[in-house]
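Novice: One structure, pasted below without further comment.
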Amino acid sequence: YVASVAASPDGKRLAVTGVFEHAMLVYDVDPTSSTFKQLLGQADLGDGETFQVAFDPHDPTGRTAYVSMWADKKVKSVDGGTPSAPTCSQTYATDPDPEGLAFLDARWMVVANDLGDTLTMVDRSSNNVTSIPIDTGEALHGTEPSTLAYDAASKRLYATWSGRNAVAAYDVDTTQTPPA
């Protein structure tokens, strides 16, 4: 069954992933195109289950989609430069159960790791990843960050804590490496 769907920044392509499927499908959603509503291609994601597919809103080309692979503890980038033959181009290791994705800017991506109780900061320019534990001030685990939203105007990252039935808000400092 379908896990996630994302429209490219130009609104011409749709990326679709399924929970138990091992492919990301690319559809044409440009009403002016001769292939409107048709499957253009699919990328083999390998083994694992997907949670979210997303395009970086800072990349107007919409060439790259990112897929969180929650069973495999990684995020894969999919190069869709040739929509009929998209391919996995990069893999980023995360902590257990990566789910939600957010983009701070053209360089930094954040991943919510549900069963890891962490956030992973991904530097897409150097391919380095940094794990940041969720510190609730308590000794208990089970915060389970699952989805993310980033408000660039206020430089605030919001994370759902599914294990606590709460939403956390983090002020983000992108002048540090990795962002704090």
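Novice: Applying the selection to the stretch 128-174, what residues are part of a loop (DSSP other than H, G, I, E, B), open to solvent by 70 Å² or more (accessible area, probe 1.4 Å) and either in contact with a Leu (Cβ under 9 Å, 6 or more places away or on another chain) or closer than 28 Å to Thr91 by Cβ (or both)?
Specialist: Listed by number, the residues that qualify are Asp135, His141, Lys155.
Novice: Looking at the stretch 168-178, is at least one residue within 20 Å of Pro9 (Cβ to Cβ) and of a type outside the set (D, E, K, R)?
Specialist: no
Novice: Now a separate question. Among Gln52, Gln90, which is assigned to a strand (DSSP E or B), within 21 Å of Ala152 (Cβ to Cβ), touching a strand residue (DSSP E or B) at 6+ places or on another chain (Cβ under 9 Å) and open to solvent by 40 Å² or more (accessible area, probe 1.4 Å)?
Specialist: Result: Gln52 is the single residue among Gln52, Gln90 that is assigned to a strand (DSSP E or B), within 21 Å of Ala152 (Cβ to Cβ), touching a strand residue (DSSP E or B) at 6+ places or on another chain (Cβ under 9 Å) and open to solvent by 40 Å² or more (accessible area, probe 1.4 Å).
Novice: Quick check on this structure: which one of Ala71, Ala106 is over 20 Å from Leu25 (Cβ atoms), open to solvent by 10 Å² or more (accessible area, probe 1.4 Å) and part of a loop (DSSP other than H, G, I, E, B)? Walk me through how you get there before you give the answer.
Specialist: Details: Ala71 fails: over 20 Å from Leu25 (Cβ atoms).
Every option except Ala106 fails the conditions.
Novice: Every residue in the stretch 16-66 that is under 14 Å from the mean Cα position of the chain (by Cα) and hydroxyl-bearing (Ser, Thr, Tyr), please.
Specialist: Thr17, Thr50, Thr64, Tyr66
Novice: Is there a residue being surrounded by 14 or more Cβ atoms within 10 Å (Cβ to Cβ), out of contact with any helix residue (DSSP H, G or I) (no Cβ under 8 Å at 6 or more places or on another chain), free of Cβ contacts under 8 Å to residues at least 40 places away in the same chain and small (Gly, Ala, Ser) anywhere in the stretch 17-28?
Specialist: Residues of the stretch 17-28 surrounded by 14 or more Cβ atoms within 10 Å (Cβ to Cβ): 17-18, 21-28.
Subsequent filtering for residues that are out of contact with any helix residue (DSSP H, G or I) (no Cβ under 8 Å at 6 or more places or on another chain) retains 17-18, 21-28.
Those still in the list that are free of Cβ contacts under 8 Å to residues at least 40 places away in the same chain too: 18, 21-23, 25, 27.
In the following step, the residues that additionally are small (Gly, Ala, Ser) were identified as 18, 23.
There is at least one residue in the stretch 17-28 that is surrounded by 14 or more Cβ atoms within 10 Å (Cβ to Cβ), out of contact with any helix residue (DSSP H, G or I) (no Cβ under 8 Å at 6 or more places or on another chain), free of Cβ contacts under 8 Å to residues at least 40 places away in the same chain and small (Gly, Ala, Ser).
Novice: Just to be sure, is Ala112 part of a strand (DSSP E or B), in contact with a Gly (Cβ under 6 Å, 6 or more places away or on another chain) and hydrophobic (A, V, I, L, M, F, W, C)?
Specialist: When the stated conditions are applied, Ala112 passes them.
The values are calculated or read from the model by the stated rules, or taken from the named source; none is laboratory data. Nothing here was measured: the structure is a model prediction, and the numbers come from that model. Cβ: placed from backbone, ideal geometry, glycine included. Neighbour counts: every protein chain shown. Heads up: the accessible areas ignore ligands, DNA and RNA and are worked out on the full protein's heavy atoms, side chains in. Shrake-Rupley method; radii C 1.70, N 1.55, O 1.52, S 1.80 Å.
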